[in-house]
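Before any comments, here is the structure.
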Amino acid sequence: MNFIRILLFLTSLFFSVNLLANDNDYKSHGTIDKWYVFSKKSKELCYMLAEPDKSIGKYKLRGRVRVLVAHRPDAEIKNSVMLEFGYSFPENAKALIEIDQKKSFKLDTHEQTAWITSKSSKRDDQVIKEMIKGTTLKAVGKSKKGTVTTDFYALKGFSKAFKKIKDICG
C-alpha cells in the first residue's frame, strides 16, 4: 500500500513539475549552483531539481532529464530521490546511480522515471548522505529501444539546497 502511494506521488510529481514552478500556489526559492529549489506555498511539498551537466548515448531525441529530491511531510515522504531519464524503460528494468565512482544504487523504473524502492526511507537516506558528501552523480539507464544513456550531475550546491527544502518543509 505504501509503495503504491509513493509510486502515485512520484508519477504525479514528475508530470506536474514544470507546472508547479509556474503555478501561483508554488514558490521558487532560487538556484543554488545547479540546483533549483521550489515549494508549495502551503509547505505540503518541497522539492529541488537539477539537470545533467553532460549526457552520453546514441540517441536522437530525449525528453526531460533531471534528478529530483522531494519532501512531502503530510504524506510522510522525506528524502525521496527520483530521476527522469527522458525515455521509456522496458518493463521491470533497473537503472543505476553512482556517486563519485564509490557508491552505487539500483533504481526501479516506471515509464520514464526511476527511484529507490524500499519500505522505509533508509535507502533514500543513504543516497542523500552520499550526495551531500559527493561531487558527481552518474545515472545509467537503458531505454525500451535498447539505447544506453549515461548522465552526469554536479552535486555542488546539493547540500545547501537540501538544507533549504528541509528548513521550509521540515
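The values are calculated or read from the model by the stated rules, or taken from the named source; none is laboratory data. Keep in mind that what you see is a predicted model, and the values were worked out from it rather than measured. Note: ideal-geometry Cβ built from the backbone for every residue, glycine included; neighbour counts use all protein chains shown. The protein model used for the area step is the full one, side chains on, heavy atoms only, and it has no ligands, DNA or RNA in it. Shrake-Rupley method; radii C 1.70, N 1.55, O 1.52, S 1.80 Å.
Summary of computed values
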read-out	value
Single unsatisfied condition, T31 versus (1) more than 22 Å from A95 (Cβ to Cβ); (2) touching a Phe, Trp or Tyr at 6+ places or on another chain (Cβ under 9 Å); (3) hydroxyl-bearing (S, T, Y)	(2)
Residues that are part of a loop (DSSP other than H, G, I, E, B) and either modelled with pLDDT under 90 or not aromatic (F, W, Y) (or both), drawn from the stretch 68-106	E76, G86, S88, P90, E91, N92, A93, D100, Q101, K102
Sole residue being surrounded by 14 or more Cβ atoms within 10 Å (Cβ to Cβ), in contact with a Gly (Cβ under 6 Å, 6 or more places away or on another chain) and in a strand (DSSP E or B), chosen from T149, T109	T149
Residues of the stretch 115-132 that turn out to be at pLDDT 95 or above and in contact with a strand residue (DSSP E or B) (Cβ under 8 Å, 6 or more places away or on another chain), as a count	2
Test for F158: is it among the aromatic types (F, W, Y), out of contact with any helix residue (DSSP H, G or I) (no Cβ under 9 Å at 6 or more places or on another chain) and under 18 Å from E51 (Cα atoms)	no
Yes/no for S39 being within 12 Å of the chain's Cα centre (by Cα) and small (G, A, S)	no
Enumeration of residues in the stretch 41-95 that are more than 18 Å from G141 (Cβ to Cβ) and of a type in the set (D, E, K, R)	K41, K43, E44, R72, D74, E76, K78
Cβ-Cβ under 7 Å pairs, at least 6 apart or on other chains, the stretch 105-116 side among the aliphatic types (A, V, I, L, M), far side open to solvent by less than 20 Å² (accessible area, probe 1.4 Å) and in a loop (DSSP other than H, G, I, E, B)	L107/I116; A114/F85
Residues within the stretch 46-64 that are in a loop (DSSP other than H, G, I, E, B) and either in contact with a Leu (Cβ under 8 Å, 6 or more places away or on another chain) or among the charged types (D, E, K, R) (or both), tallied	6
Complete set of residues in the stretch 131-146 that are more than 15 Å from I32 (Cα to Cα) and open to solvent by 20 Å² or more (accessible area, probe 1.4 Å)	K133, T136, K138, V140, K142, K144, K145, G146
Answer from G57, G30 - the residue that is touching a Ser or Thr at 6+ places or on another chain (Cβ under 9 Å) and of a type in the set (G, A, S)	G57
Restricting the stretch 10-35 to residues that are farther than 15 Å from R64 by Cα and open to solvent by 90 Å² or more (accessible area, probe 1.4 Å), the residue that is modelled with the lowest pLDDT	N22
Cβ-Cβ under 7 Å pairs, at least 6 apart or on other chains, the stretch 43-60 side farther than 25 Å from I77 by Cα, far side aromatic (F, W, Y)	D53/F152; D53/Y153; K54/F152
